């Protein structure tokens, strides 16, 4: 696959989308017949996927060989090619489907193990979603955010979060709300604050009103007490938690549909912008390294205006190639 990256990006994607031509299906058949298990695993795998089952590579090749065998029924050469390629495509789709089903089963079992004793709420919409917890605490979930709520919430107010959420917590001094975001734990009595766990590297807790305590799950860092207008930042793999003034004064603007960046690495800001506007952005990581963004773009602003402003700060620009936005130096 090292020398077939172009094939992987183009022909394989066409096959998966159902747009591959007869010639491309022939190339697909010939290619897969030549690959060993390692190459096939690289083709079918995604980040975090389980390994290809031991017999999958041989099954794929065997199915393709049977699909490519000469037809007994008399027909024209073009008819035979179409029939063989259709059979190969169907068999490949079936095997690939079985593989992804196995992958999903593995991931689902791992997730269930990690979150036993919790019910989950997932925001699959394209807009913020308001959720009310059993104690009337309100939680606004940003899109692609999951909130896990303890099944024993009445006895111990405990939730886990992946993504970004704004909490307006009902006060209960005898039963504080515990929010787990990776290795970072936030203890809340009654307050309003934003938790951003969407970054790959760090969790940011920004306090709007009240007081919260932020600590590491394994107690390796000294707990910090946040006051309104302050943000705590904790890297998942680090032993310390830093605090400072909240850089963005409207850190919860996303609840109203705005695009908000609060000391976010430029690479992640571009990912958020791409997701927000439904566009594809490509950039050399070296151009983005060490750059951070703190700003807000209102929901009526269009992506060209946002990108131009976002990149101008770091003397970068972009060009559009069909549906791809490419970041570069001027």
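The values are calculated or read from the model by the stated rules, or taken from the named source; none is laboratory data. This is a predicted model, so every value here is computed, not measured. Cβ coordinates were reconstructed from backbone atoms using ideal geometry, including for glycine residues, and neighbour counts include every protein chain displayed.
Put simply, of 287, 264, 307, 259 the only residue that is touching a helix residue (DSSP H, G or I) at 6+ places or on another chain (Cβ under 9 Å) and at pLDDT below 90 is 264.
Scanning the stretch 199-217 for residues that are surrounded by 17 or more Cβ atoms within 10 Å (Cβ to Cβ) and touching a residue at least 60 places away in the same chain (Cβ under 8 Å) turns up just one, 199.
The test for being surrounded by fewer than 19 Cβ atoms within 10 Å (Cβ to Cβ), touching a residue at least 24 places away in the same chain (Cβ under 8 Å) and part of a strand (DSSP E or B) does not hold for residue 231.
Could you go through the stretch 203-210 and let me know if any residue there is more than 20 Å from residue 294 (Cβ to Cβ) and assigned by TED's automatic domain parsing to the domain that holds residue 136. Among the residues of the stretch 203-210, at least one is more than 20 Å from residue 294 (Cβ to Cβ) and assigned by TED's automatic domain parsing to the domain that holds residue 136, which makes the answer yes. Could we say that residue 190 is in the same structural domain as residue 158 (by TED's automatic domain parsing), at pLDDT below 90 and assigned to a strand (DSSP E or B) here? For residue 190, the condition - in the same structural domain as residue 158 (by TED's automatic domain parsing), at pLDDT below 90 and assigned to a strand (DSSP E or B) - is not met. In the stretch 269-286, the condition of being without any contact (Cβ under 8 Å) to a residue 40 or more places away in the chain and more than 17 Å from the chain's Cα centre (by Cα) is met by at least one residue. Listed by position, the helices (runs of 4 or more DSSP H) inside the stretch 263-330 whose residues that are surrounded by 15 or more Cβ atoms within 10 Å (Cβ to Cβ) number at least 3 are 266-277, 303-312. Here residue 242 clears all of (1) part of a strand (DSSP E or B); (2) closer than 18 Å to residue 205 by Cα; (3) modelled with pLDDT of 90 or more except the condition numbered (3). Going through (1) outside the structural domain of residue 142 (by TED's automatic domain parsing); (2) within 22 Å of the chain's Cα centre (by Cα) one by one, residue 300 falls short only on (2). Report yes if some residue within the stretch 121-137 is surrounded by 12 or more Cβ atoms within 10 Å (Cβ to Cβ), touching a helix residue (DSSP H, G or I) at 6+ places or on another chain (Cβ under 6 Å) and modelled with pLDDT of 50 or more; otherwise report no. Among the residues of the stretch 121-137, at least one is surrounded by 12 or more Cβ atoms within 10 Å (Cβ to Cβ), touching a helix residue (DSSP H, G or I) at 6+ places or on another chain (Cβ under 6 Å) and modelled with pLDDT of 50 or more, which makes the answer yes.
Kindly establish whether residue 178 is without any contact (Cβ under 8 Å) to a residue 24 or more places away in the chain and closer than 21 Å to residue 227 by Cα. Spelling it out, residue 178 is indeed without any contact (Cβ under 8 Å) to a residue 24 or more places away in the chain and closer than 21 Å to residue 227 by Cα.
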